[in-house]
Amino acid sequence: MSEIKLNLIDSQTILSGTIHGSTGDRCVAALSAEPETISELEAALARFEKIPPNFGLRPNLSRRTSVDPIPHDAGILTIDLAARVVACDSTYSQPGREGCVEYHDGTHCTDIPLCYRLPDDWLFLSSVEEYEGLRNERRTARARPLDARAILYGSPLFEFITANVKESPQLQKSAASNVDGLHVDEAQPVASIMTPECSTEESEEACHPLAEIVRDIHRRWLLTPRGDLRGQSPRDVLLAKQDLINFDLESRAMQWSIQLEGPPCLDRNSSAYRFAGFGTHEWVTYYYMVRHLIWSAVDIAGSASIGDSSQTEIIAALNRVKSAWLNEPNKEFEGPPINIIDNERRRLPEAMGGRSMVIDEDCPVCKMMGDEAEAGLGIYFWHLDGCNMDDEFAFSTFRAIEEWQTDQREMEERHKEFDRKWKEREERIARGEVLEPDPFFDPPELDEFVPWRVAESDPPEA
């Protein structure tokens, strides 16, 4: 009892046939790539099983004009990509919105578990009858995909920035005299003040007399609901699928580290890529890009040479600044920022080169990891986490301000507890008390964990 009837449906086609139940489970897992067509589903399936040439789903399936409701062997699985419905009635398994499947190497299942998570709008049902009753309603209710990047990276963003800079009397009066060193060069625009790492330049920017006004423009852009975003704010859109994409990237990274080869990526022509949600990497990258554009607009507004430019000219200038910032190499992003965005949209983790693992040449662990990566024996990854972004709700990844406030209170309590313990410890040391080693305050020496290193004080072997 291991085969099932499979119905695959998209907006144009119905395919039906019998397959092994485990293949059905992997088809459900492949929905994590958000396919809209059967061809996109087949491509996504390659992330979970190695499909030999001239083999795949289609040889086992035939085109039909309606869904085949008759179960086979262990049961029946129906996947409607257009309605985003999975209907499963099977004794083999009951796949859900989250789970793990075993990777198939083309000949048999392996013991490599690959976890998956589907978007929240997928509906799971237990019978074909339920599916047929809801199919038309689900298809009608599904909205056309939103091309959010046309708004978040396009003219609406530039218009918002330009209007708010022009409407600020303080920016108009102060830009020319106060924004020292921020003159816009479209080939090399304001790159030094907006980088992910803390720096002297960034500190100067944060303390600039116009910094709070610039921050407020950024804050309002993120938090203001917009009609062209279907009533959502840019921040709502940017965070809507962050957990989903982060989870998928973690799963792909785990797969890569086990198999030592990059997993198949999403095609740039696929619906999932064209209308992709935003993961943490793009959230962080977008933050620095927008802040950079606002400072650039301040500089443009204060420049005597183009101070009288029309809004259209300023918008065109900001578009050029955006393109330059995204496409030029940035050492903090280990390359052009556009590459990070593209990789995340393709669900490709950021792998590290072998020697980039060696942060400290005197660290044997770093050198060992670097040597493994260079020899193809290991793969390691790096991540952006937004740790140097402004510490307030608008720039955090919390969905609700109440969650952010709770986190702030908890963090404050942790800091108070740390300070209390530190003060108590210092007072005891001052009184001459001998304290038990504390794993937090007294971290062990590295030598204790590296048996092949011999301390200089040890006598040489006879």
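The values are calculated or read from the model by the stated rules, or taken from the named source; none is laboratory data. No experiment lies behind these values; they were computed from the predicted model shown. Here Cβ is always computed from backbone atoms with ideal geometry, including for glycine, and neighbour counts include all displayed protein chains. We work out accessible area using only protein heavy atoms, side chains counted, and drop any ligands, DNA or RNA first. Shrake-Rupley method; radii C 1.70, N 1.55, O 1.52, S 1.80 Å.
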Taking 30-36, 294-300, 397-403, 85-91 and ranking on average Cβ neighbours within 10 Å, highest first, one gets 294-300, 30-36, 85-91, 397-403
Using 30 Å as the Cα-Cα cut-off, could you pick out the over-long pairs in 50/322; 241/331; 241/416; 5/241? 50/322; 241/416; 5/241
Ordering of 126-139, 240-253 by packing [mean C-beta count within 10 Å, highest first]: 240-253, 126-139
At a probe radius of 1.4 Å, what is the per-residue accessible area of residue 345, in Å² to the nearest 10? 40 Å²
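Using the beta-carbon distance between residue 166 and residue 274 and R0 = 51 Å, what value does 1/(1 + (r/R0)^6) give for FRET efficiency, to the nearest 0.05? Walk me through the intermediate numbers first.
Numbers: r = 34 Å, r/R0 = 0.66.
It comes to 0.95.
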Sorted by mean Cβ packing within 10 Å, highest first, what order do the peptides 337-343, 110-116 take? 337-343, 110-116
Hey, any idea what % of segment 24-100's accessible area is carbon plus sulfur with a 1.4 Å probe? 51 percent
Using r as the Cβ-Cβ distance of residue 433 and residue 328, and R0 as 60 Å, what FRET efficiency do you calculate, to the nearest 0.05? 0.55
Rounded to the nearest 10 Å², what accessible area does residue 153 show when all protein chains are kept and the probe is 1.4 Å? 30 Å²
So for segment 1-77, Kirkwood radius off the Cα pairs, Stokes-Einstein at 10 °C and 1.306 mPa s: how many µm² s⁻¹? 126 µm²/s
Once both labels are modelled 7 Å past Cα along the beta-carbon direction, what's the residue 401-residue 211 spacing in nm? 2.3 nm
Could you give the distance between the Cα centres of segment 257-302 and segment 409-426, to the whole Å? 38 Å
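Near residue 103, within a Cβ-to-Cβ distance under 15 Å, what is the net charge of the other residues, with Lys and Arg +1 and Asp and Glu -1?
Computed value for this residue: -2.
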Once residue 91 and residue 382 are pulled to full extension, the length gained, defined as 0.36 nm per residue separation minus their Cα-Cα distance, is 100.6 nm
Of 389, 254, which has the most accessible area and how do the rest follow, probe 1.4 Å? 254, 389
Could you sort 80, 267 by their accessible area in this structure, using a 1.4 Å probe and putting the largest first? 267, 80
Convex hull volume per residue for segment 1-132, taking Cα atoms only, in Å³: 95 Å³
Ranked from the most accessible area to the least, with a 1.4 Å probe and all protein chains present, what is the order of 208, 218? 208, 218
Subtracting the Cα-Cα distance of residue 411 and residue 250 from 0.36 nm times their residue separation yields 55.3 nm
Could you give the length gained on full extension between residue 127 and residue 147, defined as 0.36 nm per residue of separation minus the Cα-Cα distance, in nm? 3.8 nm
